[in-house]
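Below is one structure, written out as structure tokens; the observations come after it.
The values are calculated or read from the model by the stated rules, or taken from the named source; none is laboratory data. In this text the structure is predicted, and so the values were computed from the model without any measurement. Methodologically, a virtual Cβ is constructed for each residue, glycine included, from the backbone with ideal geometry; neighbour enumeration extends over all protein chains shown.
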Amino acid sequence: MNRTIFIIVGSIFLALITFGADRFYSSDKNIQENVQSVIIYDTSRIWSRGPSGNAAVNATKHFKKHGRDFGFKTEQEYVAAAVKFTNEPLSPDVLTNIQKDNDIAFYNPRTAEYAVKSRSGYIRTYFRLNPRIHGYASNTDYFNAQAKVGAQPTANDNQSK
């Protein structure tokens, strides 16, 4: 009996070493990508509770509504992208403003990504802007319209890219 357990445990250990070795012997970039791909986010600590009063339900609702626009297959991919998009260090392409309700809006004119974080740091939404949906002449017009008057200079589509 002890020998059988020893063989099973040894086999599992060998399998873990064999199949997990690439995570330890790859470049730093690959390690970061591997780690990012296995992070399981606790949405109650990241996402706002929304109308349902439940952060997980709210995050799921947003994933179902917007995840396909990004090509995400899982809610975890969607949440991870929202976290990456709204956290420091931000890409130089990402613009921010303070909205009328004092939440922070994030917008990337190159990718049309848009997200909002509450004053407390919870993600409220993450999606791709589309003038056919929001009704403004451009995505930048929509972004600027959400800004609190006098909060900061507005974004300009006419800047060189």
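Could you list, in sequence order, all residues of the stretch 39-84 that are of a type in the set (S, T, N, Q) and buried (at least 16 other Cβ atoms within 10 Å of the Cβ)? Steps first, answer last, please.
Narrowing the stretch 39-84 to residues of a type in the set (S, T, N, Q): 43-44, 48, 52, 54, 58, 60, 74, 76.
Within the stretch 39-84, Thr43, Ser48, Asn58, Thr60, Gln76 qualify.
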Being polar (S, T, N, Q), at negative phi, at pLDDT below 95 and in contact with a strand residue (DSSP E or B) (Cβ under 9 Å, 6 or more places away or on another chain): is that true of Ser44 here?
no
So, first residue among the acidic types (Asp, Glu) in the stretch 123-148, second residue part of a loop (DSSP other than H, G, I, E, B), Cβ within less than 9 Å, six or more apart or across chains; the pairs are Asp141/Asp157
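What strands (runs of 3 or more DSSP E) completely inside the stretch 85-124 contain at least 3 residues that are surrounded by 19 or more Cβ atoms within 10 Å (Cβ to Cβ) and within 15 Å of the chain's Cα centre (by Cα)? Walk me through how you get there before you give the answer.
Working: elements: 95-98, 104-108, 113-117.
Because the criterion is at least 3 residues that are surrounded by 19 or more Cβ atoms within 10 Å (Cβ to Cβ) and within 15 Å of the chain's Cα centre (by Cα), the strands (runs of 3 or more DSSP E) in the stretch 85-124 that meet it are 104-108, 113-117.
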